[in-house]
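> Below is the structure I would like to discuss, written out as structure tokens.
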Amino acid sequence: MPFVNWLKRNLVVIAGLLTLGYLLLPNVIVTVFSFNKPKGRFNYEWQQFSLDAWKDPCGVSDLCGSLSVSLQIAFWATLGATLLGTLIAFALVRYRFRARGAVNSLIFLPMAMPEVVMAASLLTLFLNMGAQLGFWTILIAHIMFCLSFVVTAVKARVMSMDPKLEEAARDLYAGPFQTFVRVTLPIAAPGIAAGALLAFALSFDDFIITNFNAGSTVTFPMFVWGSAQRGTPVQINVIGTAMFLVAVLLVLASMAVGNRRNRQKA
């Protein structure tokens, strides 16, 4: 039974590869169809290889405009959520104050609450405040729901930090600012970076909350949804493929930097 023995030894690896393949299959399909030249309005069947969409990714009206809006919102939402989330995470871990337990529990509500409920609640809030729906209401909504994810990522990192390292820095006459910049921040940086990347991905990809609070502003997910009703241009696949490649390059670069640091430590 050599095959059975081999299968037992490599079962975990095989399962991992199958799972990875299952996760990457939609990206592969999007990439393949970015080189398609459909005969009709819908890019659902392979017709002919073409580079036309890659040569003119902004050839569809309002596509790149909506993409620019999504990137701007995602950037500012990531920045705001990361700054606030990092401060909240440090406060929850390092300090004792009244209602700390309640705050610790409430911060996870946006993660557990259905998006449509949160979207409707935010819309009601903005309408009662008399706010004009658009870029700023989307940004405020995105910062709010991204905040929980940043707090979770940073808090986990801060909780795992060894306080003796900061004590050693203070013993060596480092001031509070020096200790934070030279010791605390570098240790917490992976958690902060993970929270920021997660916030950017969630903000850029969001549709439900954005759709409720967008007014006349159109983001890239809203553009894709609207296009699907009347015909999907190949340029959507081009943008999706480009973003996937950028994400892969960032992951590979991060791994290369990590491996280089590990070799230097060794």
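The values are calculated or read from the model by the stated rules, or taken from the named source; none is laboratory data. Just so it is clear, the structure is predicted and the values come from calculations on it, not from any experiment. Cβ atoms come from the backbone with ideal geometry, glycine included; neighbour counts cover every protein chain shown. The area values use the complete protein model at the heavy-atom level, side chains included, leaving out ligands, DNA and RNA. Shrake-Rupley method; radii C 1.70, N 1.55, O 1.52, S 1.80 Å.
> Taking Cα atoms, how many degrees apart are the long axis of helix 11-33 and the longest axis of the chain, rounded to 10 and kept between 0 and 90?
Between the helix axis and the principal axis of the chain, the angle is about 50 degrees.
> Using the Karplus curve 6.51 cos²θ - 1.76 cosθ + 1.60 with θ = phi - 60°, what ³J(HN,Hα) values do you get for each residue of the range 240-252, in whole Hz, with x for Gly and Pro?
x, 5, 4, 5, 4, 5, 4, 4, 5, 4, 5, 5, 5
> Given points 7 Å out from each Cα along the Cα-Cβ axis, report the Ser50 to Phe75 separation in nanometres with one decimal.
Computed distance between label sites Ser50 and Phe75 equals 3.2 nm.
> Quick check on the range 1-60: take the gyration tensor over C-alpha atoms, sort the square-rooted eigenvalues as a ≥ b ≥ c, and tell me if it's rounded (a/c under 1.5), prolate or oblate.
Working: a/c = 4.56, a/b = 3.49, b/c = 1.31.
Since a/c reaches 1.5 and a/b is larger than b/c, the shape of the range 1-60 is classed as prolate.
> Shifting gears a bit: What residues have an amide H closer than 5 Å to that of Asn36, excluding those fewer than 5 places away on the same chain, when H is modeled at 1.01 Å from N in the peptide plane?
For Asn36, whose amide H was placed from the backbone, the distant partners under 5 Å are Ser50.
> For Lys155, which lysines qualify as cross-link partners when the Cα separation must be under 21 Å and same-chain residues fewer than eight apart are set aside?
Lys164
> Okay, next question. What are the lysines whose alpha-carbon lies under 23 Å from the alpha-carbon of Lys37, with same-chain residues fewer than 8 places away excluded?
Lys55
> Only Cα pairs under 8 Å and at least 6 apart count here; give the relative contact order of the chain as a rounded whole percent. It would help to have the intermediate numbers written out before the result.
Numbers: 265 pairs, mean separation 83.3, N = 266.
Relative contact order for the chain comes out at 31 percent.
> Moving to a separate point now. Strictly greater than 22 Å: what percent of every Cα pair in the range 65-149 meets that? The partial results should precede the final answer.
On the way: 1290 of 3570 pairs.
The calculated P(r) of the range 65-149 puts 36 percent of pairs beyond 22 Å.
> Report the extension gain between Leu83 and Val12 in nm, rounded to one decimal, defined as 0.36 nm multiplied by the number of residues separating them, less their alpha carbon distance. Each step should come with its number before you reach the end.
Details: separation 71, 0.36 × 71 = 25.56 nm, distance 3.93 nm.
My answer for the length gained is 21.6 nm.
> Still on this structure: Distances longer than 29 Å among the Cα atoms of the chain: what percent of all pairs is that? Walk me through the numbers before you get to the answer.
On the way: 17688 of 35245 pairs.
Result: 50 percent of Cα pairs exceed 29 Å.
> Quick one: with all protein chains in place, what share of the accessible area of the range 61-232 is carbon or sulfur, to the nearest percent (1.4 Å probe)?
Working: 6500 of 9480 Å².
About 69 percent, which is the carbon plus sulfur part of the accessible surface.
> Separate question: With the cut-off at 21 Å, report for the range 1-153 the share of all Cα pairs above it, as a whole percent.
Of the Cα pairs, 70 percent sit more than 21 Å apart.
> Among Gln235, Met111, Leu127, whose Cα projects farthest towards the positive end of the dipole of the chain, with charges put on the beta-carbon of Lys, Arg (+1) and Asp, Glu (-1)?
Checking the options against the dipole of the chain, the answer is Met111.
> Where does helix 220-230 land angle-wise versus the long Cα axis of the chain, in degrees 0 to 90, nearest 10?
Tilt of helix 220-230: around 20 degrees.
> Another question, then. Going 7 Å from the Cα of Gln132 in the Cα-to-Cβ direction, what parts of the range 215-238 have a backbone nitrogen less than 12 Å from that spot?
Those under the cut-off are 216-217.
> With each label point set 7 Å from Cα along the Cα-Cβ vector, what nm distance links Tyr22 and Ala99?
My value for the distance between the label points is 4.4 nm.
> Follow-up. Measure nothing but the geometry: give the 0 to 90° angle between the long axis through the Cα atoms of 185-205 and the longest principal axis through the Cα atoms of the chain, rounded to 10°.
That works out to roughly 30 degrees.
> Using the basic label-point model (7 angstrom from Cα toward the beta carbon), what is the Cys64 to Phe3 distance in nanometres?
Between Cys64 and Phe3, the simple spin-label model gives 5.5 nm.
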